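Q: Pasting a structure below so you can have a look.
Any read-out appearing in this document is the output of simple, stated calculations on the displayed coordinates, not a laboratory observation. The structure displayed is predicted, hence computed values, not measured ones. Reconstructed Cβ throughout: ideal geometry from the backbone, glycine too, with neighbour counts over all protein chains shown.
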Amino acid sequence: MKPVVWVPIRDERLSPEAWRRLCRILEPVAEVVGPDLPEALEPRVVALLVFKFREEVSPEKLRRLRSLRWIQAITAGVDHILKDPLPQGVQVLHTPSPNADAIAEHVLALFLAAAKRIVFHTEAMRRGAFPQGTESRRLKGATLLVVGLGNIGCAVAERARCLGMRIIGIRRRPRPKCGVRTVFPLDKLLQVLPRADAVVLALPLTSETEGLIGEEALARMKPDTILINVARGRIIDAEALYRHLQSHPNFVAALDVWWRYPVPGEPFRQPVPLETLPNVIMTPHVAPVVPGFLDRMVLAAARRLRRKLAQSLYSATPKSLES
Ligand SMILES: NC(=O)c1ccc[n+]([C@@H]2O[C@H](COP(=O)([O-])OP(=O)(O)OC[C@H]3O[C@@H](n4cnc5c(N)ncnc54)[C@H](OP(=O)(O)O)[C@@H]3O)[C@@H](O)[C@H]2O)c1
């Protein structure tokens with residue numbers, strides 16, 4: 001009897017065609033079961049394929065999955081899965097973003113909006129002003145620091161290069177990647193920050209990266225840095241950022257990710273009132289949201305999980321299972 005992969009994702013943005021393809025990908029190695037998992041199949045579940053794990057799988061259900069070995073997230077960040085203890089021996093797997101192109105386009109939109117003062121001008125003109133005397137930034141030759149050179153960071157670097165920017169990067173293994181030749185480890189962050197005109201955060205939230213951008217890091221940045229966060233809110237210390245933005249009016253924070261997420265019906269509210277500051281540009285965690293984004297995430301995750309299952313079922317991955 002085949003092991004079972006349970007997919008408890010109920011999001012209506014996932015297309016029926018993606019469901020069919022997901023089943024075709026996993027069926028050589030497992031039986032795939034949709035959100036309503038019959039109790040009789042619980043003992044055979046070895047893996048979950050999840051999106052919003054804590055909403056999709058109750059603690060009681062999780063306790064009953066006695067053969068569970070892998071939780072395959074369809075997301076690149078798995079901090080939401082790791083924030084509470086999991087059953088012993090269960091491994092959490094991430095999926096580097098298959099929507100990195102869309103996210104990098106979003107980063108560029110935030111970056112150009114900040115550099116060219118698009119939101120400032122739009123708001124001024126709505127009030128009847130016509131502030132032609134305000135200069136914007138020249139980007140050619142400016143330095144961009146990409147913190148996290150994975151799928152997203154590399155897609156950002158590729159686009160920023162087209163603007164004539166110099167790119168430097170930070171990753172765990174400080175070796176050149178995707179054409180970025182100047183690469184440092186994370187412990188060199190404070191030394192590297194003074195060189196950057198813009199900083200993009202594109203690394204996971206972990207115990208090592210939580211609060212990474214705090215008072216000290218902000219103080220090392222140029223006073224007119226553009227800081228873009230598409231990773232996770234808590235990588236930045238919210239209070240320190242708020243104080244820094246107040247005292248440095250030319251510093252801009254462009255944020256897609258947040259510290260608190262409102263439940264439906266609740267207003268948007270953060271630990272500090274960043275939305276009241278003119279040097280903040282905001283989007284509601286929508287960087288990857290383009291047509292078919294969820295389908296791409298599910299299918300990329302399914303391919304990664306298939307490889308994992310195949311490796312554990314057979315000593316070598318059969319050619320027919322490789323993507
Ligand atoms: N705004 C959104 O909607 C959205 C969407 C997708 C993802 N995200 C966030 O973006 C993050 C990156 O996504 P991705 O798809 O680019 O992931 P990825 O391909 O796995 O890349 C992660 C990058 O971060 C680096 N990194 C990891 N831990 C690090 C550490 N402790 N110090 C320094 N560098 C570290 C990795 O270094 P190595 O290259 O050495 O491995 C890699 O370059 C995710 O974790 C997620 O939180 C946000």
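Q: With the requirement that a residue be in contact with a Leu (Cβ under 9 Å, 6 or more places away or on another chain) and without any contact (Cβ under 8 Å) to a residue 12 or more places away in the chain, what does the range 251-268 give you?
A: Within the range 251-268, none qualify.
Q: Among the residues of the range 6-52, which ones are exposed (fewer than 15 other Cβ atoms within 10 Å of the Cβ) and acidic (Asp, Glu)?
A: Of everything in the range 6-52, those that are exposed (fewer than 15 other Cβ atoms within 10 Å of the Cβ) and acidic (Asp, Glu) turn out to be Asp11, Glu12, Glu17, Glu27, Asp36, Glu39.
Q: While we're looking at this one, here's another question. Which one is farthest from Pro204 (Cα to Cα), of the residues in the range 277-296 that are assigned to a loop (DSSP other than H, G, I, E, B) and aliphatic (A, V, I, L, M)?
A: Leu277
Q: Please go through the range 62-116 and give me each residue that is in contact with a helix residue (DSSP H, G or I) (Cβ under 8 Å, 6 or more places away or on another chain), more than 15 Å from Val5 (Cβ to Cβ) and away from the ligand (no atom under 15 Å from the Cβ), ordered by number.
A: If the condition is that a residue be in contact with a helix residue (DSSP H, G or I) (Cβ under 8 Å, 6 or more places away or on another chain), more than 15 Å from Val5 (Cβ to Cβ) and away from the ligand (no atom under 15 Å from the Cβ), then Arg64, Arg66, Asp84, Leu86, Pro87, Leu112, Ala113 are the ones that fit.
Q: For the range 204-225, indicate whether the set of residues that are farther than 19 Å from Ala157 by Cβ, among the small types (Gly, Ala, Ser) and loosely packed, with under 13 Cβ neighbours inside 10 Å is non-empty.
A: Among the residues of the range 204-225, at least one is farther than 19 Å from Ala157 by Cβ, among the small types (Gly, Ala, Ser) and loosely packed, with under 13 Cβ neighbours inside 10 Å, which makes the answer yes.
Q: Let me ask something additional. Does Leu205 satisfy the condition of being hydrophobic (A, V, I, L, M, F, W, C), within 13 Å of the ligand (Cβ to nearest atom) and touching a residue at least 40 places away in the same chain (Cβ under 8 Å)?
A: Answer is yes for this residue.
Q: Mind listing just one residue for me: the one in the range 117-169 that is loosely packed, with under 14 Cβ neighbours inside 10 Å and basic (Lys, Arg) and, of those, farthest from the chain's Cα centre (by Cα)?
A: Among residues in the range 117-169 that are loosely packed, with under 14 Cβ neighbours inside 10 Å and basic (Lys, Arg), the one farthest from the chain's Cα centre (by Cα) is Arg127.
Q: List the number of the failed condition for Ser58; all other conditions in (1) surrounded by 14 or more Cβ atoms within 10 Å (Cβ to Cβ); (2) away from the ligand (no atom under 12 Å from the Cβ); (3) among the hydroxyl-bearing types (Ser, Thr, Tyr) hold.
A: Exception for Ser58: condition (1).
Q: Taking Arg54 as meeting all but one of (1) over 26 Å from Pro204 (Cβ atoms); (2) out of contact with any Phe, Trp or Tyr (no Cβ under 7 Å at 6 or more places or on another chain), write down the number of the exception.
A: Status for Arg54: all satisfied but (1).
Q: Counting just the residues of the range 117-159 that are of a type in the set (S, T, N, Q) and either free of Cβ contacts under 8 Å to residues at least 24 places away in the same chain or part of a helix (DSSP H, G or I) (or both), which one comes out nearest to the ligand (Cβ to nearest atom)?
A: Asn151
Q: Consider Met165 against the criteria (1) in contact (Cβ under 8 Å) with a residue 60 or more places away in the chain; (2) out of contact with any His (no Cβ under 8 Å at 6 or more places or on another chain): it satisfies all of them except one. Which criterion is unmet?
A: (1)
Q: Test Leu299 against the stated conditions and say whether it is outside any loop (DSSP other than H, G, I, E, B) and either under 24 Å from Pro194 (Cβ atoms) or within 16 Å of the ligand (Cβ to nearest atom) (or both).
A: Judged against the criteria, Leu299 is a match.
Q: Could you say whether any residue in the range 210-219 is among the β-branched types (Val, Ile, Thr), under 14 Å from Leu144 (Cα atoms) and more than 10 Å from the ligand (Cβ to nearest atom)?
A: No, there is no match, as no residue in the range 210-219 is among the β-branched types (Val, Ile, Thr), under 14 Å from Leu144 (Cα atoms) and more than 10 Å from the ligand (Cβ to nearest atom).
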